Amino acid sequence: MALTWLPPADTGAVVKDLTRGFFVDFGHIPDGVWAAPGRVNLIGEHTDYNQGYCLPFALPHRTYAAAATRDDGILRIASVQKSSGWEGKVTDVRPGRPDGWTAYVAGVVGVLAEHAGAGAMGVDLLVDGHVPLGAGLSSSAALSCSVAVALRDLVPALADLTDEELASACIRAENEFAGAATGGMDQTVSLRAVDEHLTLLDCHDFSVTPVAWTLPEHEVLVIDTRVHHSLADGQYAARRQTCELASSALRLASLRELDPARLDDEDVRTALAGITDGLPRVRHVVSENQRVLDLVAALSEQDARRVGSLMTASHRSLRDDYEVSCHELDVAVEAALEAGAPGARMTGGGFGGSAVALVRRDAVERVAAEIARAFDQERLQAPAFLAAVPSGPAGRLR
Ligand code: GLA
């Protein structure tokens with residue numbers, strides 16, 4: 001059975017084509033070309049909006065943006081992949097206008113224009129996405145972050161923004177303008193990843209600690225189930241709301257503050273009793289935070305088996321307690337484990353998108369083939385695969 005692999009784009013070729021395409025679309029050459037990575041999360045799912053821990057890393061798969069500023073306050077947005085774009089005044093950008101994919105771009109421009117203050121800020125933007133869409137690999141954060149780094153470099157009033165401030169601007173753009181209730185992990189790793197490292201992110205204060213990959217014989221295989229998820233649908237927002245209700249019932253600022261040992265306490269159970277699915281949702285968040293820290297420790301001990309078992313435990317918790325998995329993700333995880341992977345789990349928001357498996361380098365092709373066979377047996381659409389190599393953050397290419 002032929003497997004579908006999704007390699008990263010050839011950056012040199014993309015930059016050349018994008019520069020040419022920009023000229024065709026806008027009639028002048030861009031001031032530069034920038035790129036921002038998608039991400040995969042190794043562990044720590046649905047913890048970011050609970051001020052907890054997660055451990056994502058940037059992918060070599062990126063979204064590219066060619067940009068040039070204009071002095072008339074007009075924003076023009078075009079894409080290599082989509083025929084639809086947008087043109088209008090920056091001052092007319094507001095939540096829901098424009099909508100669809102252009103909201104992610106216009107939202108960043110709108111938030112940063114506010115930040116830049118007086119003076120008409122206009123920009124022409126042509127974007128080219130090479131992060132698989134709808135695969136749970138943060139193509140939307142790659143899009144907003146590619147635009148954000150371009151504007152910071154081009155607009156003098158934005159030059160002093162830190163990566164952290166830029167990430168906050170992208171989070172606001174996605175939350176308020178695009179209506180996607182994302183929690184901040186994706187934008188943070190896209191802008192603040194360290195090349196060849198995982199990013200331990202503490203969402204209490206958004207501090208990041210680079211974590212070395214210490215398992216030279218293993219790599220992370222991403223399995224794109226091809227089931228497209230959408231963060232805009234109600235399930236993500238519903239999980240968030242349950243967590244907020246639970247933390248206020250427990251009189252905590254966030255679930256981050258709940259000690260796992262207290263999960264069996266009578267007062268905790270009583271406080272959560274009135275919240276539908278409160279206890280299992282809280283149990284996932286609290287146990288997942290601990291698994292992130294345990295996995296970082298296992299990595300420093302080069303203990304592949306323990307890393308794997310924590311990943312699998314995370315999947316079971318997301319499947320059974322948080323209920324954000326789906327049949328395709330479960331098939332991918334179980335097939336990877338049966339094929340000998342030390343661990344596997346769904347990654348990202350869930351309900352589709354991708355799974356990740358820890359796989360010995362010399363077994364990657366075989367494990368991928370066995371997962372594809374399991375999909376075939378279940379009569380599911382063939383999955384796609386990508387080799388997840390921890391890569392660097394967003395930045396300027398030209
Ligand atoms: C999506 C969101 C993230 C995070 C994950 C779940 O990817 O964008 O902020 O909440 O889901 O861990």
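Quick note: the coordinates plus some simple rules give every number you see, no bench work behind them. All figures in this text were calculated on a predicted structure; none of them were measured in a lab. Please note: Cβ atoms are built from the backbone with ideal geometry, for glycine as well, and neighbour counts cover all protein chains shown.
Calculate, in nm to one decimal, what Ile29 and Met1 gain on full extension: separation in residues at 0.36 nm each, minus their alpha carbon distance.
My answer for the length gained is 5.6 nm.
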* Stretchable slack from Lys16 to Gln81, in nm (0.36 nm times residue separation minus alpha-carbon distance) -> 21.8 nm
* To do: Work out from phi, with θ = phi - 60° and the Karplus expression 6.51 cos²θ - 1.76 cosθ + 1.60, the ³J(HN,Hα) of each residue of the range 90-101, listed in order in whole Hz, and give x for Gly and Pro.
  => 4, 5, 8, 6, 8, x, x, 9, x, 10, x, 5
* **Inverse of mean 1/r across different Cα pairs in the range 8-128, Kirkwood, Å** => 15.9
* So how far apart, in nm, are the two label points at Gln302 and Ala159 if each is 7 Å from Cα heading toward Cβ? -> 4.6
* To do: Identify, among Ala157, Leu200, Pro210, the residue whose Cα sits farthest towards the positive end of the charge dipole of the chain, taking +1 on the Cβ of Lys and Arg and -1 on the Cβ of Asp and Glu, with the dipole about the Cα centre.
  => Ala157
* Asked: What is the fewest-to-most order of Val367, Val356 by other Cβ atoms lying within 10 Å of their Cβ?
  -> Val367, Val356
* Structure fact -> Note on the range 287-398: alpha-carbon gyration tensor, axes a ≥ b ≥ c; rule is a/c under 1.5 for rounded, else prolate if a/b larger than b/c, else oblate; result rounded
* Structure fact -> Relative contact order in percent for the range 1-115 (Cα pairs under 8 Å, 6+ apart) equals 19
* To do: For Asp294 and Asp264, compute 0.36 nm times the residue count separating them, minus their Cα-Cα distance, and round to one decimal in nm.
  => 8.7 nm
* Counting only DSSP beta bridges with both residues in the chain, what percent are antiparallel, rounded to the nearest 5? -> 90
* Asked: So how strong a dipole does the range 166-213 carry about its Cα centre when Lys and Arg Cβ are +1 and Asp and Glu Cβ are -1, to the nearest 20 debye?
  -> 80
